[in-house]
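The values are calculated or read from the model by the stated rules, or taken from the named source; none is laboratory data. For clarity, every value in this text was computed on a predicted model and none was experimentally measured. Every residue, glycine as well, gets a Cβ built from its backbone with ideal geometry; the counts of neighbours run over all protein chains shown. These area figures cover heavy atoms from the full protein model, side chains too; ligands, DNA and RNA do not enter into them. Shrake-Rupley method; radii C 1.70, N 1.55, O 1.52, S 1.80 Å.
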Amino acid sequence: MGAWKKRINAVICIEGLRMDDLVAEFLSETVESLEIVDVELVKFEQDPSNVAGLDKVFRLLHTVKGSAGFLGLDRLGTLAHSTETLIDCFRDGAPVSDDSMTLTLEAIDRFRWMLEVLSENGQEPEGDDKEMLDRLAEMSKEVRERLENPSKGEAKTEKGESKKEEELSPEELNALFEQQVAEAEAAMAKEEQQNTKETSQDEKKASEVALNQQQHVAPDKPSPAKENSEPSEPKEAKGKLKSTSIRVNMDTIEHMMTMVSELVLTRNQLIEIIRQKDDASFNAPLQRLSSITSELQEGVMQTRMQPIGTAWQQIPRLIRSLNQQLNKHIEIEMIGSETELDRQVLELIRDPMTHMIRNSADHGIETPKEREEAGKTGGGTITLKAHHEGGHIILSISDDGKGINAEKVKEKAIRSGLITEADAIQMSDNQILRCIFEPGFTTTSEVSAVSGRGVGMDVVRSNIELIGGSIDLESKLNQGTTFIIKIPLTLAIISALIVQIGDAKIAIPQTNVDELVRAQNNSEHRIEFIDKTRVLRLRNRLLPLIDLKEVLGLKKAESSDHSEDNEGFVIVANVGNRVFGILVDAVFHTEEIVVKPLSSPLRDIDYFSGNTLLGDGSVILIIDVNGIAKNVGSIAPLDQESEHTLHHENGLKNTSSMLLFKFGANEPKAVPLSIVTRLEDVPQSKIEHTSSGYVMQYRGRLMPLVTSENGVLPDRKTQHVLVFSDGDKTMGLVVDEILDIVNDYYDVELGSRQQGILGSAIIAEKATEIIDVTYYVAKAFSNEMTASEWGNQQSRKSILFVDDSLFFREMLPPILRSVGYYVTICESAIDALKLIENGGKFDVILSDLEMPEMDGIQFAEQIKSMQDYADIPMIALSSYTGSSVSSRCHQAGYLSHVAKYDREGLISSLFESISKTGAAA
Amino acid sequence: MSFDKEYSNELITHMDGMAEYITVRIMNQLFGIPISQVREVFTPEAITNVPLSPKEIAGVLNLRGMIVTAVDMRMRLSLPPQEQGASYMAVGIDDHAESYCLLVDSVEEVMRLPKESKEPSPLAVQERWSHFTSGVHLLDGQLLVILNIHNVLNFNKEAA
């Protein structure tokens, strides 16, 4: 070894390197190697035919051993040697067992630990690894035996030789190796003298390697050390790699980044000055400076870019250990690992990503037994996917597991007070699923070792939102769950819209801006005031507006008269699934800005995410749109569901914006703002009265108008009309007065005997009735005498609903009304009978089975015994389902039997029952 | 970080028994800032107001490409604000890798004072600014109140 060391030292002297540098180099190289070793080992375990990967592992470990040896890192060297011995057994074809692989990975972890200590103290840790070395040696022996015994007969000659080789003790092997090296040295020294002096250091190294191999292989049988009989191609490849890439300290890049950022700012400043000077002679060089700066900026950003695969490298290893802990056979699939993103962002998503993978493995994928029962093949797969989309990277983590049970989520959310039962009824499954991102939410009740340690998805979400990203999920029961994360490529330089608010200029990040609308009184996009709240008409919807001046406290007291600033620019911003408008005074231009953090006394202001220098040298603040949305209370959610399902969803989210107005009787009425298409002030002259009621021309069509119960238009010049659209149907509700838009929290109490009213709530300290828009749309179209599916008066069927449970009495009727039925509610069968005896007419009777006093069966028997009512179809509702219950129902005269929670089943059997009687009549 | 600085400053000055201060005037009161903590003195220009910030923060400004948070010392010391249009001077200070400047009425001079002449703040000063001062020096006819810069710039602790 002496000659070798001397030689290396000589090289070191030539290159002017110190020992410290060498150790540092060793550290970074070895850490990288170990990562590859990890990946390759797990790959090999899955696919034992992948000998190439194993060879790579062997080579890398060998390099570690060699380097550790001449750096005097004996502990590392010894461990590397023992691990190498074990791996060599696998290379010879020994079957890989679980425990042997675990031991190998353990050894790799020990390496890592030693490297950490080394990097901290500059020394190997104290102590030895006797225990681990013994285990490794024993394992090697065992594996070797396993290899020899079953395969004795078929062992090829080569294998036989290698076995012979293996019989040499490690010391002997070492001695042999050193001897070969020495020979190589000698040969090389000679050759080098002949070589011309201008040979570059790199080439020297390369030739050194090559020679080494030749020398090593030539005098020996080809078998002894396979690593040397490997074709030299991979090593050459490595040499090439070395010459095209260099290691750069992270600090250097960070510093360069800062400098480039400054350069960008200075360039912007210069452009600003020249713009004012109006001197054409600067234009050309400035143009050039500008483009060079941009290119430089891009280049430096590029150096910070890393493939997302670097963050994925540990994942196969993670999955492997999860599989062991959870007794599952999960496979991992990674697509798009070459997708690059900023190192800083990469570091920040690493933890949330790992957390989510743990979640998927623990909660998402079922145990093998469960999978078998569900008829699924394989042990389950977690798929990671990454791709670029605009300035973002889209990262998805999906599993083919059991999916998230929306019902469970709902229950949990209600129990933890995140939503009320009334909300839950109105929410789509996807909306309910999103509850899992709320703080304090976890679906598993018990804490497991793998996930669910109280750090929930809310932490994941807040971590992702911290870097300007967003997260969403899709889940199908028994098919799996997909989490979709959208994150910006870089954080350092962002494109922002510079706007004016009062006297101040402010930057709004472009990523949050959907569009820019100029609001003018006479244009289609108008700002309107509904009491003190502003809304913007944008295409077919009313958008809640946030006045930045007000939010930031820049509003002067005297300008409380808002009629003057009806014009301005509205930035349509989106955060998650919420869309809202931000009102600003003027918009200048977009600019690439360098985000600089605010100093600590200013960091608590949620509305700003940082500050920056503009081209003109002024400092401006950067708006945090997330913070604005969060602090300005709730903003009407905008998603597909609420857009199109007017008749299914009345948007009774307890925190949605509600439009308050006067309509008919004295109490104020309310309707969710999200379902109002437009607000129109219509001159009286435009409203016409036809035989079927009031109509007006609206966008080239006749729009039916609905007035309050008395059917008379209030006497005044202009009428306030709320326009509702559903599909191609549009109707207007003529209201007496528009009162306000409120964003308060309120409990909506569903259920009302009055037609057209969905329920009531306390809004702004007043009892307020919530309008059932469906009813009025139906009314408008029945007046118009169109044979639409809304149905006319005659075809609207009435239902008698009997249930002793208050909950169902509140929950079901709105649903039934929303699909077009009149509903009469009774608390007990006895009440219902009385109602019928008094001459109540109904098309269908819907009754609970389990009721006190008189149950559903008795009730049906009673009805069927009444002459006039024997033909009324009856549907039984029950929490229990089962054939015995069903047959009892049929005997009693029920047409069908539906589970209480089965909304769709209920609606379809209602439909069936009615069509049946229709056919009979 | 500035703690260390202050500390080492004390040590150095201890050796030759002298302490150096930049003296500033805030509403007729003379204050001293340990010179080791001062980066520079400049005339502030174009301060950008930060909406919703604590009232002691005058805003942020650009000092040769660096964003500096300006602290209005009058507000910080609970004194009435300057008249409209009055001039300010700024004393630039680095604290915990962040750049600040203190807005004062005027900057006077650099003073070298014997260390041992520093006395604990009298009761009147303590009542008002106990947290912000580290002692006083008696000059002929007036009191030089030495500012504890670290506490002046620490907005969080107070809130807690």
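Here are the numbers:
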| read-out | value |
| --- | --- |
| Gain upon complete extension [residue A:389, residue A:74; 0.36 nm per residue less C-alpha separation] | 108.5 nm |
| Between helix B:2-16 and chain B: long-axis angle, C-alpha atoms, 0 to 90°, nearest 10 | 30 degrees |
| Anisotropy class of the range A:59-137 from Cα gyration tensor, a/c 1.5 cut | prolate |
| Restraint check, A:410/A:555; A:549/A:662; A:56/A:141; A:549/A:686; A:841/A:900; A:410/A:630, Cα-Cα greater than 32 Å | A:410/A:555; A:549/A:686 |
| Qualifying trypsin sites (Lys or Arg not before Pro) for the range A:74-154 [loop in DSSP, other Cβ within 10 Å: at most 16] | A:152 |
| Theoretical FRET efficiency, 1/(1+(r/R0)^6), r = Cβ-Cβ of residue B:39 and residue A:411, R0 51 Å, to 0.05 | 0.30 |
| FRET efficiency, residue A:691 to residue A:831 (Cβ-Cβ, R0 56 Å, nearest 0.05) | 0.90 |
| Computed lengthening from residue A:292 to residue A:131, 0.36 nm per intervening residue step minus Cα-Cα distance | 52.0 nm |
| Nearest-0.05 FRET efficiency for residue A:27 and residue A:149, computed from C-beta distance (R0 56 Å) | 0.85 |
| Candidates per trypsin sites (Lys or Arg not before Pro) in the range B:48-78, loop by DSSP, up to 12 other Cβ within 10 Å | B:55, B:64 |
| Centroid-to-centroid separation of the range A:302-327 and the range B:113-128 [C-alpha atoms, Å] | 60 Å |
| Surface accessible to a 1.4 Å probe, per residue, for the residues of the range B:81-160, Å² | 53 Å² |
| Accessible area buried at the B-A interface, both sides summed, 1.4 Å probe (Å², nearest 100) | 1600 Å² |
| Residues with amide H under 5 Å from that of residue A:624, placed H, sequence gap 5 or more | A:608, A:609 |
| Inter-label distance, nm, simple model (7 Å from Cα along the C-beta direction), residue A:373/residue A:52 | 4.3 nm |
| Nonlocal amide H pairs with residue A:897, under 5 Å, H built at 1.01 Å | A:876 |
| Amide hydrogen neighbours beyond the local backbone of residue B:99, cut-off 5 Å, H modeled | B:69 |
| Residues listed by number, the range B:43-85, amide nitrogen under 14 Å from residue B:128 label point at 7 Å toward C-beta | B:73-81 |
| Rounded accessible area per residue of the range A:24-91, 1.4 Å, Å² | 33 Å² |
| Interface residues, the range B:82-116 - accessible area loss of 30 Å² or more versus chain alone, probe 1.4 Å | B:98 |
| Label-point gap, in nm, between residue B:110 and residue A:476 - each point 7 angstrom along Cα→Cβ | 7.6 nm |
| Inter-probe distance in nm under a simple model that places probes 7 Å from Cα toward Cβ, at residue A:262 and residue A:310 | 2.5 nm |
| Square roots of 5 times each gyration tensor eigenvalue, C-alpha, the range A:297-432, largest first, Å | 31, 23, 12 |
| For the range B:41-107 and the range A:359-385, distance of Cα centres in Å | 60 Å |
| Set of the range A:602-618 residues, backbone N closer than 20 Å to the point 7 Å along the Cα-Cβ line of residue A:282 | A:613-618 |
